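Take a look at the structure set out below.
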Amino acid sequence: MSSMKDREEGFERKFVFDEELRFKASARRNRALGLWAAEKLGKTGADAEAYAKEVVVSDIEEAGDHDVFRKIRKDFDAAGVNQSDHQIRRTMDELMAQAIEQVKNS
């Protein structure tokens, strides 16, 4: 009976660890995405950093990446930045893979 309890607790710890990793990686990815988008929008320095923070904060609107994507898409459209939905999503995926590696290695 105790081995079943140990397995259950092990799964719970793994779940908590994985969720923490996902949260940290998402925040890191969103910051990098914000800096990427800021560059496309012509923002530099403090303006680029402020924009990156806006992107990070935009992720709390709903579960998943849709809120972040919508912010970038809306801002690109308003500024006339020519990036397809596919290009934005591909960049999001690439930056997430980098962020996961960075979080795992830190």
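Below are the figures for this structure:
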item: Span from the the range 61-106 Cα centroid across to the the range 33-47 one, whole angstrom; result: 13 Å
item: Inter-label distance for Ser3 and Asp93, nm, one decimal - labels placed 7 Å from Cα along Cα-to-Cβ; result: 4.2 nm
item: The range 1-61: proportion of alpha-carbon pairs further apart than 16 angstrom, %; result: 57 percent
item: Carbon + sulfur, % of accessible area of the chain - ligands and nucleic acids excluded, 1.4 Å; result: 54 percent
item: Which labelled figure in (1) 17.2, 63; (2) 12.4, 33; (3) 13.1, 41 is Rg and Dmax of the Cα atoms in Å, once derived from the coordinates; result: (1)
item: Accessible surface, per residue, of the chain when the full set of protein chains is kept, probe 1.4 Å, Å²; result: 69 Å²
item: Cα-based Lys pair tally, the chain, threshold under 21 Å, eight or more apart or on separate chains; result: 14
item: The range 62-79 - phi-based ³J(HN,Hα) in whole Hz, Karplus 6.51/-1.76/1.60, Gly and Pro as x; result: 7, 5, x, 9, 4, 5, 5, 4, 4, 4, 4, 4, 4, 5, 5, 4, 5, 9
item: Highest average packing first - 51-62, 28-39, 82-93, Cβ atoms within 10 Å; result: 28-39, 51-62, 82-93
item: Fully extended contour minus Cα-Cα distance, from Lys74 to Ala27, at 0.36 nm per residue; result: 14.9 nm
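The values are calculated or read from the model by the stated rules, or taken from the named source; none is laboratory data. Everything numeric in this text was worked out from a predicted model, so none of it was measured. Glycine gets a Cβ as well: all are built from the backbone with ideal geometry, and neighbour counts include every protein chain shown. Keep in mind that these areas ignore ligands, DNA and RNA; they rest on the heavy atoms of the full protein, side chains included. Shrake-Rupley method; radii C 1.70, N 1.55, O 1.52, S 1.80 Å.
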